[in-house]
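Enquirer: A single structure is presented below for examination.
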Amino acid sequence: MSVNILNFKELDVNDIEFSNPLKVKGGSYVSVPKYNNEPIYIQTPRLLNKGFSKSDQRCSLELELDNTHLNFYDFITNVDDFNIIEIQKNSGTWFNQDFPLDVVEEFYKSPVKMARGKRAPSLKIKVPLSKGNIDCNIYNKNNKLISYNQVKENSKVLTVLHFYGLRFLKQQVICEWIPVQIKVFQDNDKDIEHS
């Protein structure tokens with residue numbers, strides 16, 4: 001699958017445009033974001049993998065954002081701020097009622113988990129499943145496909161994320177970033193990163 005990956009450092013968050021929320025399978029509504037009329041795909045920096053958590057129904061991946069990734073952290077949180085304002089601004093059109101900003105903020109669920117104690121903030125992303133299996137290609141540094149359980153905790157991962165949209169549930173709005181591809185750099189990798 002060939003996707004146009006945008007450089008998050010050059011993406012102007014204010015140019016993201018959302019569709020009206022559309023009903024999707026499962027009964028929730030999703031508002032789809034576009035950037036220059038294209039779906040939004042970005043590549044993360046190399047982030048520390050804090051582990052997959054997987055059950056039959058759901059799977060998520062937690063990636064640590066340490067202080068070398070401030071620009072990426074800013075990008076993700078700027079998208080959150082923009083989303084909240086857009087939801088508030090469009091709530092009349094989308095839901096036939098105007099929601100005050102503080103209500104939207106309360107309902108809004110960011111993928112960023114704030115830092116606690118000595119832990120850096122992290123990005124928690126939902127990994128798509130198909131019939132209970134992870135529906136996302138995971139590669140090692142030699143571009144060989146590997147299974148998610150071969151990914152060691154605290155290895156570095158480079159992830160292509162699709163900003164899937166804003167999912168509206170009864171009492172919350174979830175900002176969904178979905179990994180389409182994950183590349184893993186395990187401990188024994190001494191390659192120099194080309195960026």
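Enquirer: When only residues in the stretch 32-46 that are within 23 Å of residue 61 (Cα to Cα) and part of a strand (DSSP E or B) count, which is farthest from the chain's Cα centre (by Cα)?
Expert: Residues of the stretch 32-46 that are within 23 Å of residue 61 (Cα to Cα), as a first pass: 32-33, 39-46.
Next, only the ones that are part of a strand (DSSP E or B) stay: 33, 41-43.
Numbers: 33: 13, 41: 10, 42: 9, 43: 10 Å.
Top of the filtered list is 33.
Enquirer: Kindly check whether there is at least one residue in the stretch 139-154 that is within 28 Å of residue 15 (Cα to Cα) and among the β-branched types (Val, Ile, Thr).
Expert: We begin by selecting, within the stretch 139-154, every residue within 28 Å of residue 15 (Cα to Cα); these are none.
No, the conditions are met nowhere in the stretch 139-154.
Enquirer: Evaluate the following for residue 139: is it hydroxyl-bearing (Ser, Thr, Tyr) and at pLDDT 95 or above? Explain how you work it out, then say what you get.
Expert: Working: hydroxyl-bearing (Ser, Thr, Tyr): yes; at pLDDT 95 or above: yes.
Against the criterion (hydroxyl-bearing (Ser, Thr, Tyr) and at pLDDT 95 or above), residue 139 qualifies.
Enquirer: Please determine whether any residue of the stretch 52-68 is open to solvent by 40 Å² or more (accessible area, probe 1.4 Å), small (Gly, Ala, Ser) and either modelled with pLDDT of 95 or more or not in a loop (DSSP other than H, G, I, E, B) (or both). I'd like the intermediate steps shown before the answer.
Expert: Taking the stretch 52-68 as the starting set, the residues that turn out to be open to solvent by 40 Å² or more (accessible area, probe 1.4 Å) are 52-58, 66-68.
After this cut, where a residue has to be small (Gly, Ala, Ser) as well, the list is 53, 55.
Now drop any that are not either modelled with pLDDT of 95 or more or not in a loop (DSSP other than H, G, I, E, B) (or both), which leaves 53.
Yes: one or more hits.
Enquirer: Please indicate, with yes or no, whether at least one residue in the stretch 12-29 is at pLDDT 95 or above, in a strand (DSSP E or B) and within 24 Å of residue 114 (Cβ to Cβ).
Expert: yes
Enquirer: Taking the stated definitions as given, is residue 164 open to solvent by 30 Å² or more (accessible area, probe 1.4 Å), on the phi < 0 side of the Ramachandran plot and touching a residue at least 24 places away in the same chain (Cβ under 8 Å)?
Expert: Details: open to solvent by 30 Å² or more (accessible area, probe 1.4 Å): yes; on the phi < 0 side of the Ramachandran plot: yes; touching a residue at least 24 places away in the same chain (Cβ under 8 Å): yes.
Yes.
Enquirer: If you don't mind, there's one more thing I want to ask. Considering only residues that are among the polar types (S, T, N, Q) and open to solvent by 60 Å² or more (accessible area, probe 1.4 Å), which ones fall in the stretch 134-161? Even if it seems obvious, please write down each step before you answer.
Expert: From the stretch 134-161, those among the polar types (S, T, N, Q) are 137, 140, 142-143, 147, 149-150, 154-155, 159; that's our starting set.
Answer for the stretch 134-161, where residues must be among the polar types (S, T, N, Q) and open to solvent by 60 Å² or more (accessible area, probe 1.4 Å): 137, 142, 143, 149, 150, 154.
Enquirer: Same structure again: Only one of (1) over 24 Å from residue 50 (Cβ atoms); (2) open to solvent by 90 Å² or more (accessible area, probe 1.4 Å); (3) under 21 Å from the mean Cα position of the chain (by Cα); (4) without any contact (Cβ under 8 Å) to a residue 60 or more places away in the chain fails for residue 131. Which number is that?
Expert: The one condition residue 131 does not meet is (3).
Enquirer: With (1) on the phi > 0 side of the Ramachandran plot; (2) at pLDDT below 95 as the list, and residue 95 as the residue in question, which single condition is left unmet?
Expert: (1)
Enquirer: Of the residues 91, 110, which is among the small types (Gly, Ala, Ser) and open to solvent by 30 Å² or more (accessible area, probe 1.4 Å)?
Expert: Working: 91 fails: open to solvent by 30 Å² or more (accessible area, probe 1.4 Å).
Going through 91, 110 in turn, the sole match is 110.
The values are calculated or read from the model by the stated rules, or taken from the named source; none is laboratory data. Everything quoted here is computed from the prediction, not taken from an experiment. No Cβ is skipped: glycine too gets one built from the backbone with ideal geometry, and neighbour counts run over all protein chains shown. Surface accessibility is based on the protein's heavy atoms, side chains included, excluding ligands, DNA and RNA. Shrake-Rupley method; radii C 1.70, N 1.55, O 1.52, S 1.80 Å.
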